[in-house]
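The values are calculated or read from the model by the stated rules, or taken from the named source; none is laboratory data. Because the structure is a prediction, the values reported are computed rather than measured. In this analysis, Cβ positions are derived from the backbone assuming ideal geometry, glycine residues included, and neighbour counts consider all displayed protein chains.
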Amino acid sequence: MPLIRLAADDRTFPCEAGDTVLRAALRSGVGMSYSCNTGACGNCRFELVDGEVEHLRADPPAWTDKDRARNRYLGCQAAPRGDCTVKFREDPAAVPKIAPRRRRGALLGRTDLSRDFAEFAIRVDGDPAFLPGQYALVSVPGVEGPRVYSMCNLPGEDGVWRFQIRHVPGGAATGVLFGDLAAGTDLLLDGPYGLAHLRPEAPRDLVLIAGGSGLSPMASIARGALAEPALAGRSIHVFFGGRSPADARVAGFLADLAPGRLRLVTAVSDPDHGEEWSGPTGFVHEVVDAEMGDGLRDHEVYFAGPPAMAVAVQKAMHARGVPQAQIHFDEFY
Ligand code: FES
């Protein structure tokens, strides 16, 4: 099994066949920065001092010409071909509280939430612990490369991880998941990953913002906050944005979790779908800004959703002066 050596202090950690530098580092408790795990954000960049690696994705979006020229690679994509020496700045915040591991899972079933949104239940082998808001890499039969899906439940549920997933038109993985994948199908999962998890130690009310499949981690964080004694009495404001009224209604289940303590606001960006809609209209970041105003600065803010939404939310939070330490998201772009 290849050994990865850290140039800074000669520590080593093993990397199993098919594993990547990032995932092997995290499994060994080494704090390598990351976010997306898919080659998109560039946070896991490292310098290869010695040895040979090969990227899993042929041309990951975050790997630049400058990286190639400087012998830099992406940790989440780089699989070593033998012993290697690598250089990167360790980030104590990236040391996993729960070490990610590869495991088998069995699909228990799917519950449709709307015409293109469903919840999938998978029973996983081994310790099912994760932090609310974290994600797993899920390998879907017949589809090349794993997909990133976030859990929507809490880990105490008898070894079951639940994922709320939107059917992406033309998407290879969701095509299979929403096709005729039978209950009992074996799946491979790797996790938990992700740094945008619930911070019980942050003594503030919460604002959770989601679009599309970003609903799943926000549902988990809402459930986690409601179950967390350190956050007892804290208010939770959930904002969910969809294009149509039918999209927005998918989040309706959240309103029943804790009436009076959890407030759900659903926004529709394109209400002209021939369906009645009396709620807020506009992009979800605009609705958050209009509803919360400068009060956002006093909240812990979590968000997840499509890249355009995530960028717009970030800008809106910065414009309102929300301290960076109170903003939590995983960068999938
Ligand atoms: Fe590797 Fe995002 S590019 S974690």
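The single condition among (1) away from the ligand (no atom under 16 Å from the Cβ); (2) touching a strand residue (DSSP E or B) at 6+ places or on another chain (Cβ under 9 Å); (3) aliphatic (A, V, I, L, M) that A136 does not meet is (1). In the range 125-141, the qualifying residues are those that are touching a Ser or Thr at 6+ places or on another chain (Cβ under 8 Å) and outside any strand (DSSP E or B), and the one that is farthest from V176 (Cα to Cα) is P132.
Residues in the range 5-20 that are among the β-branched types (V, I, T) and more than 16 Å from the ligand (Cβ to nearest atom): how many? Within the range 5-20, residues that are among the β-branched types (V, I, T) and more than 16 Å from the ligand (Cβ to nearest atom) number 1. Counting the residues of the range 283-309 that are free of Cβ contacts under 8 Å to residues at least 60 places away in the same chain and surrounded by 15 or more Cβ atoms within 10 Å (Cβ to Cβ) gives 6.
Going by the structure shown, is F88 at negative phi and within 13 Å of the ligand (Cβ to nearest atom)? If you could, list the steps in order and put the result at the bottom.
Details: at negative phi: yes; within 13 Å of the ligand (Cβ to nearest atom): yes.
Here the answer is yes, as F88 does meet what is asked.
Look through the range 175-205, keep the residues that are free of Cβ contacts under 8 Å to residues at least 60 places away in the same chain and either part of a strand (DSSP E or B) or touching a helix residue (DSSP H, G or I) at 6+ places or on another chain (Cβ under 9 Å) (or both), and return whichever of them is surrounded by the most Cβ atoms within 10 Å (Cβ to Cβ). This residue is P200.
Select, from A251, A319, the only residue that is touching a Ser or Thr at 6+ places or on another chain (Cβ under 9 Å), under 30 Å from G39 (Cα atoms) and not basic (K, R). Walk me through it before giving the result.
Values: A319 fails: touching a Ser or Thr at 6+ places or on another chain (Cβ under 9 Å).
That would be A251, the only listed residue that is touching a Ser or Thr at 6+ places or on another chain (Cβ under 9 Å), under 30 Å from G39 (Cα atoms) and not basic (K, R).
From the list I122, I165, which one is in a strand (DSSP E or B) and within 16 Å of the chain's Cα centre (by Cα)? Result: I165 is the single residue among I122, I165 that is in a strand (DSSP E or B) and within 16 Å of the chain's Cα centre (by Cα). In this structure, is P96 within 15 Å of the ligand (Cβ to nearest atom), surrounded by 14 or more Cβ atoms within 10 Å (Cβ to Cβ), in a loop (DSSP other than H, G, I, E, B) and free of Cβ contacts under 8 Å to residues at least 60 places away in the same chain? For P96, the condition - within 15 Å of the ligand (Cβ to nearest atom), surrounded by 14 or more Cβ atoms within 10 Å (Cβ to Cβ), in a loop (DSSP other than H, G, I, E, B) and free of Cβ contacts under 8 Å to residues at least 60 places away in the same chain - is not met. Scan the range 266-281 for residues that are loosely packed, with under 13 Cβ neighbours inside 10 Å, hydroxyl-bearing (S, T, Y) and within 12 Å of A246 (Cα to Cα) and the total you get is 0. For the range 64-76, the condition holds for at least one residue, the condition being that it is near the ligand (Cβ under 10 Å from one of its atoms), surrounded by 21 or more Cβ atoms within 10 Å (Cβ to Cβ), within 23 Å of A196 (Cβ to Cβ) and not small (G, A, S).
Which one is farthest from the ligand (Cβ to nearest atom), of the residues in the range 21-47 that are over 16 Å from Y135 (Cβ atoms) and β-branched (V, I, T)? If we take residues in the range 21-47 being over 16 Å from Y135 (Cβ atoms) and β-branched (V, I, T), then V30 is farthest from the ligand (Cβ to nearest atom).
So for the range 116-127 (the condition being more than 18 Å from P217 (Cβ to Cβ), modelled with pLDDT under 95 and among the small types (G, A, S)), does at least one residue qualify? Yes, the range 116-127 contains a residue that is more than 18 Å from P217 (Cβ to Cβ), modelled with pLDDT under 95 and among the small types (G, A, S).
Just the residues that are part of a strand (DSSP E or B) and not aliphatic (A, V, I, L, M), please, taken from the range 37-77.
Applying the first criterion (part of a strand (DSSP E or B)) to the range 37-77 yields 45-50, 53-55, 72-74.
The answer is R45, F46, E47, D50, E54, H55, R72, Y73.
Being in contact with a strand residue (DSSP E or B) (Cβ under 8 Å, 6 or more places away or on another chain), surrounded by 22 or more Cβ atoms within 10 Å (Cβ to Cβ) and assigned to a strand (DSSP E or B) is a condition met by at least one residue of the range 216-236. Beta carbons closer than 7 Å, at least 6 apart along the sequence or on distinct chains, pair a first residue in the range 18-45 that is aliphatic (A, V, I, L, M) with a second that is part of a helix (DSSP H, G or I) and near the ligand (Cβ under 8 Å from one of its atoms) for M32/L22.
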